[in-house]
Amino acid sequence: MAGEPLESFIVGYLERSTVRICATDLIRRCVRERCVGRATVQAALRRLADAGRIQYTNLFGATQVSLAWSRPHWVSPRIMLAPPETGSSPPAKKGAVVLRIAGGAAFGAGDHPTTRLALQALDAMFAENRIVPGTKVLDVGTGTGVLAIGAVRLGADEALALDIDPNALWEARANVVLNGLADCIRVCADPVEDLVGSFDLVLANLRLPSLLRLTPVFSRLLSEEGAAVVSGIRPEEAAELFERWSGLGLTPCWIKERQGWMGAGFCRGSTTG
């Protein structure tokens, strides 16, 4: 928009983005689309950072820009995401839970559309008793640990949270401790292919190739009455995943799209309501 202030343009672009934004790419876009100099863009970014509206993170040497958040906010009917400094009082809503997530260099603060979709699926499936209290959870590609934390807060007994990224492992462990769940959630880098035993719920915020590659592993690890929540897929990719997972006896019981991404919950022998 021609008359839009540069700061508003930057915030709007970050709100609409479905991928992480490198600072250099953001500056180039502003220079190109707003016909301003780099120094002008950098000054606008400094003002936004000073005001607490954006934050910088570093991932493998690349500086990325994202919206900062300093207040608790609802991501589903019963799940509230909150920064670490939020007080301990729970929200005044029956059955509601607070997940305190510290934003970090690896995966932000759990506010990506794919994370929100997975949390919304968890909330809905627990509410509909498609996932029941006492569940044993496997979270593959845990990132910040927010999905494992959410599952335990909603009623799961325990969770194993896996990741191969050292930054993610550090952040997930810190968030587990922050939420007082160190006795319930174990975070480690064990290869999922090497696991034995069974799990009642599999969580996987992964891209389609990884989901397809791990399908036989999930089939082996998922209990007979188990359920799964996936996100990280594009709507146009869903048919391939649904067809593959139908061979496991898993059919979608919850589906939702957000900002070009899809999340889905799967149950044994169930269909979407």
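Tell me which residues, restricted to region 144-191, are more than 19 Å from Gly265 (Cα to Cα) and of a type in the set (Gly, Ala, Ser).
Ala168, Ala172, Ala174, Gly180, Ala182, Ala189
Which residue pairs have Cβ atoms under 8 Å apart, sit 6 or more places apart or on different chains, and have a first residue in region 1-22 that is under 30 Å from Arg207 (Cα atoms) and a second that is modelled with pLDDT of 85 or more and among the small types (Gly, Ala, Ser)?
Ile10/Ala44; Thr18/Gly260
Condition first: outside any strand (DSSP E or B) and surrounded by 17 or more Cβ atoms within 10 Å (Cβ to Cβ). Now tell me which residues in region 218-227 satisfy that.
Phe218, Leu221
Hey, among the residues in region 177-211 that are aliphatic (A, V, I, L, M) and more than 13 Å from Asp139 (Cα to Cα), which one's farthest from the chain's Cα centre (by Cα)?
Ranking the candidates gives Val196 first.
From the set of residues in region 157-170 that are under 15 Å from the mean Cα position of the chain (by Cα) and either part of a helix (DSSP H, G or I) or not assigned by TED's automatic domain parsing to the domain that holds Asn205 (or both), which is surrounded by the fewest Cβ atoms within 10 Å (Cβ to Cβ)?
Among those residues, the one meeting the criterion is Leu169.
Is there any pair with a first residue in region 73-94 that is at negative phi and in a loop (DSSP other than H, G, I, E, B) and a second that is of a type in the set (Gly, Ala, Ser) and at pLDDT 85 or above whose Cβ atoms are under 7 Å apart and which are 6 or more apart or on different chains, and what are they?
These pairs meet every condition: Arg78/Ala96; Pro90/Ala96.
Let me confirm something: among Arg173, Arg186, which residue is closer than 30 Å to Pro84 by Cα, part of a strand (DSSP E or B), in the same structural domain as Arg130 (by TED's automatic domain parsing) and not acidic (Asp, Glu)?
One residue alone meets the criteria, Arg186.
Report the residue count in region 228-271 for those that are within 14 Å of Glu128 (Cβ to Cβ), among the small types (Gly, Ala, Ser) and surrounded by 22 or more Cβ atoms within 10 Å (Cβ to Cβ).
Count: 1.
Scan (1) farther than 21 Å from Val75 by Cα; (2) modelled with pLDDT of 95 or more; (3) of a type in the set (D, E, K, R) for the single condition Asp139 breaks and write down its number.
It fails just one condition, (1).
Run Ile131 past the list (1) in contact with a helix residue (DSSP H, G or I) (Cβ under 6 Å, 6 or more places away or on another chain); (2) modelled with pLDDT of 90 or more; (3) assigned by TED's automatic domain parsing to the domain that holds Ala172 and report the number of the one that doesn't hold.
Every listed condition holds for Ile131 apart from (2).
Restricting attention to region 36-62, and to residues there that are surrounded by fewer than 14 Cβ atoms within 10 Å (Cβ to Cβ) and not in a helix (DSSP H, G or I), which single residue is modelled with the highest pLDDT?
Gly37
Got a sec? Which of Ala174, Ala182 is free of Cβ contacts under 8 Å to residues at least 12 places away in the same chain and more than 18 Å from Asp123 (Cβ to Cβ)?
Among Ala174, Ala182, only Ala182 is free of Cβ contacts under 8 Å to residues at least 12 places away in the same chain and more than 18 Å from Asp123 (Cβ to Cβ).
The values are calculated or read from the model by the stated rules, or taken from the named source; none is laboratory data. Small disclaimer: the values here were computed from a predicted structure and weren't measured. Every residue, glycine as well, gets a Cβ built from its backbone with ideal geometry; the counts of neighbours run over all protein chains shown.
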